[in-house]
Every structure is written in structure tokens, then in C-alpha cells.
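Note sheet for the following structure.
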Amino acid sequence: MSNTTELRRKEENDLERLLFTAEDLAEMNARLGARISADFAPLIAAGKKLIFVPILKGSIMFAADLARALTVPAELEFMKVSSYGAAAKTSGEIKINLDLNRDDLEDAIVLIVEDIVDSGRTLSRLTQMLSHRGAYKVSTVTMLDKPCRREVAFTPDYVGFTIPDGFVVGYGLDFDQKYRTLPYIGILKPEIYS
């Protein structure tokens with residue numbers, strides 16, 4: 001057995017249970033892509049542009065697959081925002097490491113793409129910030145929503161799956177930069193992050 005196979009097996013053994021398979025995620029992306037495309041097609045036909053903005057790093061797997069599921073044209077930008085660091089709980093502070101620097105937002109529908117909504121602080125702040133910068137419309141899509149952890153009044157516009165409390169990894173989601181490349185989502189054993 002190769003070292004890489006052993007490393008992958010260790011990651012898999014760190015999971016308490018599987019939550020969503022690769023097939024579940026593909027179906028989610030198809031569903032979200034169709035809904036977002038249908039909702040924004042009239043605005044795009046009227047001359048607005050869709051700016052697809054994944055939040056790095058966690059949303060990258062989801063964002064790539066969701067972008068391919070869209071049937072409307074979209075421009076691609078990125079933002080990098082952190083609130084966790086190497087901790088298992090959010091610090092409550094939002095740090096913008098890579099910002100969206102555009103001066104053409106008045107004709108833009110900005111779609112913020114996030115991996116998971118926990119407290120709601122990150123997306124709430126980003127939505128307000130981009131609205132204040134003059135975006136025509138700011139919408140949000142999240143792969144996973146954990147409303148039981150909400151600390152601010154925020155509801156994403158599009159949700160892949162609503163989940164109960166639990167530390168999830170895989171398909172872009174990490175703990176201390178590990179588990180991102182798993183092709184599915186699982187719940188991490190508590191002893192790993194405690």
C-alpha cells in the first residue's frame with residue numbers, strides 16, 4: 001500500500017460518519033445551478049452581469065462544480081475571508097485577506113459562494129459590505145447551512161443542505177487545512193478537534 005493511500009485512509013478513519021456522498025453533492029449542484037440560473041436569467045437578459053464570488057479556501061470544490069452547473073454566463077472573482085484560523089470554533093472576528101476590487105458593481109449581481117454558514121457573521125458582513133459598495137444585487141449561496149449555530153439574523157438565499165450541529169469536513173471543508181480533498185462530506189470525530 002502506498003503512503004498516499006495510507007494517508008487517505010487515515011483521513012477517512014478520522015470521520016465519525018459519512019454525511020453526503022459524491023453523488024449527493026452532484027445532485028445538489030445540479031439543483032442549485034438550475035435554480036440560480038432560472039432566477040438570474042431575466043436580469044442578465046436585461047443587461048446585468050453575474051459575478052460569481054467564491055470565498056476561499058473552503059468553497060473552492062463546491063464553487064467549481066456549481067459554476068459548471070450554471071446555464072447563464074458569469075464572471076469569476078474571489079475573496080478570501082477568515083474567522084477560524086486553526087481553531088474548531090469561529091473567533092467572531094472577520095479578516096478579509098483578499099478583497100473584491102471592482103468599480104463596476106452598479107450593474108452586477110454579486111453571488112457570494114460559501115462552503116458553510118454557521119454563526120452567519122461572515123456572510124452577513126460581506127453582504128452588507130458589497131451592498132454598500134453599490135452592487136445592484138447581492139445574493140448568497142451556501143453548500144451547507146447550520147441554522148442551530150446562528151448568532152446573527154441571516155438567511156442565505158440558496159442552500160444546498162441544512163445540517164445539524166457537528167464538525168463537518170471534506171469537499172473543501174477542513175480542520176487545520178486537512179480533509180479538504182475528500183470527495184464527500186463527513187462528520188469529524190470529536191477527539192480529532194478537541
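As an exercise: evaluate Leu18 against (1) in contact (Cβ under 8 Å) with a residue 60 or more places away in the chain; (2) loosely packed, with under 11 Cβ neighbours inside 10 Å and give the number of the one condition it does not meet.
Result: Leu18 passes all but (2).
Given the conditions (1) part of a loop (DSSP other than H, G, I, E, B); (2) surrounded by 19 or more Cβ atoms within 10 Å (Cβ to Cβ); (3) touching a Phe, Trp or Tyr at 6+ places or on another chain (Cβ under 7 Å), and given that Pro183 satisfies all but one, which numbered condition is not satisfied?
(2)
For Met61, all conditions in the list (1) surrounded by fewer than 16 Cβ atoms within 10 Å (Cβ to Cβ); (2) under 28 Å from Val169 (Cα atoms) hold save one; what is the number of the exception?
Of everything listed in (1) surrounded by fewer than 16 Cβ atoms within 10 Å (Cβ to Cβ); (2) under 28 Å from Val169 (Cα atoms), Met61 misses just condition (1).
In the stretch 141-160, what residues are surrounded by fewer than 17 Cβ atoms within 10 Å (Cβ to Cβ) and either in contact (Cβ under 8 Å) with a residue 60 or more places away in the chain or not charged (D, E, K, R) (or both)?
So in the stretch 141-160, the residues surrounded by fewer than 17 Cβ atoms within 10 Å (Cβ to Cβ) come out as 147-153, 155.
Within the stretch 141-160, Pro147, Cys148, Val152, Ala153, Thr155 qualify.
Mind listing just one residue for me: the one in the stretch 142-154 that is touching a Ser or Thr at 6+ places or on another chain (Cβ under 9 Å) and not charged (D, E, K, R) and, of those, nearest to Asp118 (Cα to Cα)?
For the stretch 142-154, the residue satisfying everything is Pro147.
Since every read-out is calculated from the coordinates, none of them should be taken as a lab result. Please read these numbers as outputs of a predicted model, since none were measured by experiment. Neighbour counts are summed over all protein chains in view; Cβ atoms, including those assigned to glycine, are modelled from backbone coordinates with ideal geometry.
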